[in-house]
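**Student:** Sharing a structure here in structure tokens format.
The values are calculated or read from the model by the stated rules, or taken from the named source; none is laboratory data. This is a predicted model, so every value here is computed, not measured. Cβ atoms come from the backbone with ideal geometry, glycine included; neighbour counts cover every protein chain shown.
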Amino acid sequence: MRSSAYLRSIRGYIAVSVILFFAAAVSGFMAAEQNPAMAEEWMKELEMLKWITDLPPLMILILIFAKNLLSCAMAVLLGVGAGIVPVLVAISNGILVGMVAYQVIQKEGVIYLLAGILPHGIVELPTVLVSIAIGLRLGHIFIMTMIEKDGDLGGEARDAIRFLMYRVAPLLFVAAVIETFITPLAISLASR
């Protein structure tokens, strides 16, 4: 199946993944606003990952790519479990983004936040949301196959894996390159 046809076939699931993610992001932002101490704790957890920035750029790129690919692969492949994992991936990532956004805006401002998200986020976020959508579709087809004993779960899983390998993985690599080499430049320009 061609990529454009495949994307059209999952557009309803894409809409659900976008709604879940952004609703969770708004919730995370509002929770951080209501309880800044909790948001500060989340930021402390993230700051423990600062050691990554001391690594050589190639290692940073590999770590970012591997983390994002693993997250997308889990959202896709574990979607077969009634779509629960993709929902959790959408919600947890949304809440994290919302809380971090609140903290960064408070400390550095909106321009700094945009500089830290937009360069790689333009590629990464849609790719992650599509991966979540694929997992949701697999979960839906799994449930329908169990109920009606009619459906091509195997064929759907093959299409999903093919899309993951040939579309999602390359886009995540591009996003990792941008996050490693371009996003830090954007952040340094924004902090002047």
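**Student:** Filter the stretch 80-92 down to the residues that are of a type outside the set (A, V, I, L, M, F, W, C) and closer than 16 Å to residue 13 by Cβ, then identify the one that is modelled with the lowest pLDDT.
**Tutor:** The residue in question is 81.
**Student:** OK, next. Can you spot a residue in the stretch 42-53 that is aromatic (Phe, Trp, Tyr), within 25 Å of residue 102 (Cα to Cα) and modelled with pLDDT under 90?
**Tutor:** The answer is yes, given that some residue of the stretch 42-53 is aromatic (Phe, Trp, Tyr), within 25 Å of residue 102 (Cα to Cα) and modelled with pLDDT under 90.
**Student:** For residue 176, state whether it is aliphatic (A, V, I, L, M), within 16 Å of residue 65 (Cα to Cα) and either assigned to a helix (DSSP H, G or I) or in contact (Cβ under 8 Å) with a residue 60 or more places away in the chain (or both).
**Tutor:** Values: aliphatic (A, V, I, L, M): yes; within 16 Å of residue 65 (Cα to Cα): yes; either assigned to a helix (DSSP H, G or I) or in contact (Cβ under 8 Å) with a residue 60 or more places away in the chain (or both): yes.
Considered against the rule, which asks whether it is aliphatic (A, V, I, L, M), within 16 Å of residue 65 (Cα to Cα) and either assigned to a helix (DSSP H, G or I) or in contact (Cβ under 8 Å) with a residue 60 or more places away in the chain (or both), residue 176 comes out as yes.
**Student:** Ok, one more. Is there any pair with a first residue in the stretch 10-25 that is on the phi > 0 side of the Ramachandran plot and a second that is of a type outside the set (A, V, I, L, M) and part of a helix (DSSP H, G or I) whose Cβ atoms are under 9 Å apart and which are 6 or more apart or on different chains, and what are they?
**Tutor:** Pairs that qualify, where the first residue is on the phi > 0 side of the Ramachandran plot and the partner is of a type outside the set (A, V, I, L, M) and part of a helix (DSSP H, G or I): there are none.
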